[in-house]
Amino acid sequence: MLFCMEWLTTIRRPEEFVMTASGLIDFGEISTDIAIGIKRQAGKIRLRVGKQANGEKDNYGERHINRPSRLRQLEQKGYRNARDAAERICRTFCEIYDNGVGLILRTPDNMAAYISIERNGDESDFYDIKTISPANDRFFKRKKRLW
């Protein structure tokens, strides 16, 4: 019991990866074929623990997505939490849009995942999920579709 309590109180660092329900760190990927089509590099898609601090602009990751206001939006669309949304979006995205700095993955139910490449200087570069939100057709009309 002591071990379990210690695990529950362990502080997770922002740069740590969230694991999928099956215990992997890769939620999906931008495949080589897609990467060629969108003129970007291929890479795995991952979700980090991230951070959420009210009033700051550089929030990202699971903590940011699981904040109360966004969590309510996700639940209204049938998602349980950030991990659930990330897994489903990475499995079902059907379009990719340019977001200037990164990419937006779009699902058939108009969920949007904002991802950007995190460079490690080797083949371990990955796409980091910054945030996830519900969207609508009007939102996507103002974006450049890449795929």
Query raised in the report: In a shell of Cβ-Cβ distance under 14 Å around ASN54, excluding ASN54 itself, what net charge do Lys and Arg (+1) and Asp and Glu (-1) give?
Result: +3
Query raised in the report: Counting only protein heavy atoms, what percent of the accessible surface of region 24-107 is carbon or sulfur at a 1.4 Å probe?
Result: 46 percent
Query raised in the report: lysines near LYS144 by alpha-carbon distance under 21 Å, same-chain residues fewer than 8 away left out - which ones?
Result: LYS39, LYS130
Requested in this report: Provide the per residue accessible area, probe 1.4 Å, for the chain, rounded to a whole number of square angstrom.
Outcome: 60 Å²
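For the chain, what is the mean residue ellipticity at 222 nm derived from helices alone (per DSSP H run of n ≥ 4: -39500 (n - 2.57); sum divided by total residues; nearest 500 deg cm²/dmol)?
My calculation for the chain gives -7500 deg cm²/dmol from helical runs alone.
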Query raised in the report: If you look at just the Cα atoms of region 63-147, how large are its Rg and its Dmax in Å?
Result: 13.0, 39
Query - Of all DSSP beta bridges in the chain, antiparallel share, percent nearest 5 - result: 90 percent
Query raised in the report: Under a plain spin-label model, where a point goes 7 Å from the Cα along Cα-to-Cβ, how far apart in nm are LEU24 and ASN99?
Result: 2.2 nm
Requested in this report: Compute the length gained on full extension between LYS77 and SER116: take 0.36 nm times their separation in residues and subtract their Cα-Cα distance, giving the result in nm to one decimal.
Outcome: 11.7 nm
Query raised in the report: For the pair PHE140 and GLU15, what calculated FRET efficiency results from E = 1/(1 + (r/R0)^6), where r is the Cβ-Cβ distance and R0 = 41 Å, to the nearest 0.05?
Result: 0.85
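The values are calculated or read from the model by the stated rules, or taken from the named source; none is laboratory data. Not measured: the values here are computed from a predicted model. In this analysis, Cβ positions are derived from the backbone assuming ideal geometry, glycine residues included, and neighbour counts consider all displayed protein chains. The accessibility values were calculated without ligands, DNA or RNA, using every heavy atom of the protein model including side chains. Shrake-Rupley method; radii C 1.70, N 1.55, O 1.52, S 1.80 Å.
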